[in-house]
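Got a structure here, written out as structure tokens. Questions coming.
Here, each number is a calculation from the coordinates, and none is a lab measurement. Here the structure is a predicted model, which means the values were calculated and not measured. A quick note on method: Cβ atoms are made from the backbone with ideal geometry, for glycine too, and the neighbour counts reach across all protein chains shown.
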Amino acid sequence: MVSHYAQDGDAAGTFLGHPKGLFVLFFAEMWERFSYYGMRALLIFYLTQHWLFSDAESGFIYGAYTSLVYITPVLGGYLADRYLGQRKAVLFGAVLLTCGHFLMGFEGDGGQGSAALSLFWLALSFIIVGSGFLKANISVIVGQLYGLTDIRRDGAYTIFYMGINLGAAAGSLLCGYLGQTYGWSYGFGAAGFGMLAGLIVFAVFKPLLLGRGEPPRALSRTREFLFYALGVAAVAVIWLLIQYQEAIGWLLLAAGAVLVTYVFYTAIIRLERDARDRIFAAMFLIFGSILFWALFEQAGSSLNLYTDRFVDRAGVPASMFQSINAIYIVLLAPVFAGLWTWLARHGKEPSTPAKFGVAMILLGAGFLALVWGAALGGDGAQTAVIFIFLIYFLHTSGELCLSPVGLSAMNRLAPAHMASLIMGTWFFASATGNFVAGLIAAATGSERASGEGAGQHVVLEVYSQIGWIAVAVGIGVLVISPWIRRLMHLDTLGDDNVGDDLLGQETVGEPQAAGMKPETGPHP
């Protein structure tokens, strides 16, 4: 049966076989990623060269910042599910992000004694909270354009992911070049204009979203602005928290325990068997993604510094190499999207858990390839730049087996009334992974000053260890993937009676359609 979502999309017209609203989200997210990754390409150098933090301190700050970027979608997803709706949450998040990126342009005198350092923490805080309202919710709107059994879903998320990386590639190249050639404010200022462009695209082309992501119930203007005030207050809280990075680790531990307990409680107590099993499968994928992101996110910190110090770059600014991952995704995303769709039509597509296992193996292989490449040059020699391209190629291939597929799986496996919560939990796993990534990056920089070439040796030793761990875990995931696939109950998924639920509405009298136990009634 074709869902009314597919019918609505056909009535409004399609582009490349997909609803036009997908491409509104594509371009809005493209510009948001331009700003985020443009800033990220410069951040580790900004911390070490302008604010004069040590390598270990910079890696820890970087990890704390990126972890908060991924934990705040839990709050943003909850508020969107229950009150604001995804569209208004995304719009508000875009406003906060625009403010934050423009604030990054005020660099002051540098050094940790500079008064401008407080403004830097404030800029990061705006970006963190803005990402919380935007990240999970814009991904949910993508899923709302399709029925649960629509075979275009994985392809749609991969196209969406390609938009993310078009922006990431352009941002890393332009902002990285401007920041390291003309000055930090030029690079960060360009990121601000990119975010402003994303805000304009999303606001102007709202009609093409076909009403997706609207509030689940009527919301008074006063109450709506109360939630916006809550978002601004969150900026003040994050401003304080980001300056005490150690506390973020304890926050992640506590919040993670509460979140996981709540999700499992809801699954066990409130959901019927198939929906409960799907949540268990989703949580397995979520936990698996933590290790992936902990290793993958070395790209912006320790690998960025390694490229700057130990790679023969022929004079190209190191920050510009941050674009390689995104360029590979732009080139490879259509290949992977077509591959998954072709395999699905022929009944040969690997399961989502199997794709996760392959992703981990490719991730580990990337680190091992760089270690091997560095060994070819001998002790203290600069690494040939081809091995930087190789590690990014392997990591990107792994990313395409995990990230867009994981986004699609979260949307497919979650009952409608938990859609943004589960998507937020997915991003929470990324937050945890990013914080662990900061710890790993700090370890690679902790002994850099112990002698000539010692810094390179320490990085490569850490990369060798995490490379073999990733390969071993990937093989393990492949072995148990058939059992996880059975928990997904894909054969019982259907599009009947899910239209209102996918918009965050209650389904009075039909709790089974939302995957809930009949005796519990609709989710309050």
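Over the chain, with a single point scatterer placed on each C-alpha, what log10 of the ratio I(q)/I(0) does the Debye formula yield at q = 0.09, 0.10, 0.11 1/Å?
-0.60, -0.75, -0.92
Could you compute the net charge surrounding Ala229? Neighbours are other residues with a C-beta less than 15 Å from the C-beta of Ala229; K and R count +1, D and E count -1.
+2
Relative contact order, percent, of the chain when contacts are C-alpha pairs under 8 Å separated by at least 6 residues?
Relative contact order for the chain comes out at 25 percent.
Report, in whole Å, the centroid distance computed from the Cα atoms of region 59-76 and region 217-290.
13
First measure r as the distance between the Cβ atoms of Ile469 and Leu253, then evaluate 1/(1 + (r/R0)^6) with R0 = 25 Å and state the FRET efficiency to the nearest 0.05.
0.70
Right, here's the next one. Under a plain spin-label model, where a point goes 7 Å from the Cα along Cα-to-Cβ, how far apart in nm are Val335 and Glu214?
4.3
List, in the order given, every pair from Lys206/Lys355; Lys135/Lys348; Lys135/Lys206; Lys88/Lys355 whose Cα-Cα distance in the structure shown is over 28 Å.
Lys206/Lys355; Lys135/Lys348; Lys88/Lys355
When ranked by the protection proxy of mean other Cβ atoms within 10 Å per residue, highest first, what sequence do the peptides 248-258, 109-119 form?
Descending mean neighbour count gives 248-258, 109-119.
Which one of Gly187, Leu210, Tyr83 is farthest out on the positive end of the charge dipole of the chain, using unit charges on Cβ (Lys, Arg +1; Asp, Glu -1) and the Cα centre as origin?
So the residue we want is Leu210.
Grab the Cα-Cα distance for Ala233 and Gln112, subtract it from 0.36 nm times how many residues apart they are, and report the gain in nm with one decimal.
That pair, Ala233 and Gln112, stretches by 41.0 nm at full extension.
Express in nm, to one decimal, how much length is gained between Ala384 and Lys206 on full extension, taking 0.36 nm for each residue of separation and deducting their alpha carbon distance.
Between Ala384 and Lys206, full extension yields an extra 59.3 nm.
Please compute the alpha carbon radius of gyration of region 247-366, then divide it by the globular-protein estimate 2.2 N^0.38 Å. Two decimals is fine. Write out the running numbers ahead of the final one.
On the way: Rg = 19.4 Å, N = 120, 2.2 N^0.38 = 13.6 Å.
Ratio of Rg to 2.2 N^0.38 Å for region 247-366: 1.43.
Could you calculate the contour length gain from Trp483 to Leu16, that is, 0.36 nm times the residue separation minus the distance between their Cα atoms, to one decimal place in nm? Present the calculation step by step, with values, prior to reporting the outcome.
Details: separation 467, 0.36 × 467 = 168.12 nm, distance 3.54 nm.
Extra length from Trp483 to Leu16 when fully extended: 164.6 nm.
Grab the beta carbon distance between Ala375 and Ala314, set R0 = 30 Å, and tell me the FRET efficiency rounded to 0.05.
0.90
With just the Cα atoms of region 322-391, tell me how far they stretch along each of the three principal axes, in Å, largest first.
Extents along the principal axes, in whole Å: 51, 22, 15.
Just how far, in whole angstrom, is region 360-377 from region 415-442 if you go by their alpha carbon centroids?
That distance is 26 Å.
In debye, nearest 20, what is the charge dipole magnitude of the chain about its Cα centre with +1 on Lys and Arg Cβ and -1 on Asp and Glu Cβ, if you could check?
Values: 28 positive and 34 negative charges, 142 e Å.
Roughly 680 debye, rounded to the nearest 20.
Follow-up question, since we're still on this one. So how do 61-69, 371-379, 470-478 stack up, highest first, on mean other-Cβ count within 10 Å?
With the highest mean Cβ count within 10 Å placed first, the list reads 61-69, 470-478, 371-379.
With each pseudo-label sitting 7 Å past Cα toward Cβ, what's the Ile268-Glu224 distance in nm, one decimal?
Once both label points are built, they end up 4.1 nm from each other.
What's the exposure ranking of Ile138, Ile440, going from fewest to most Cβ atoms within 10 Å?
Details: Ile138 24, Ile440 20.
With the sparsest Cβ surroundings first, the list reads Ile440, Ile138.
Per DSSP H run of n ≥ 4, the term is -39500 (n - 2.57); total these for the chain, divide by its residue number, and report the mean residue ellipticity at 222 nm rounded to 500 deg cm²/dmol. Write down the numbers at each step before the final one.
Details: 18 runs with 379 residues, N = 524.
Counting only the DSSP helices, I get -25000 deg cm²/dmol.
Report relative contact order for region 109-229 in percent, whole number only (criteria: Cα-Cα under 8 Å, sequence separation at least 6).
Values: 32 pairs, mean separation 21.2, N = 121.
Over region 109-229, the number comes to 18 percent.
Would you order Leu363, Leu241 from fewest to most other beta-carbon atoms within 10 Å of each residue's own beta-carbon? Show your work: numbers first, answer last.
On the way: Leu363 30, Leu241 18.
Sorted ascending by nearby Cβ count, the order is Leu241, Leu363.
Can you tell me the orientation of helix 352-377 relative to the chain, as the angle in degrees between its alpha-carbon axis and the longest Cα principal axis, to the nearest 10?
The angle comes out at about 10 degrees.
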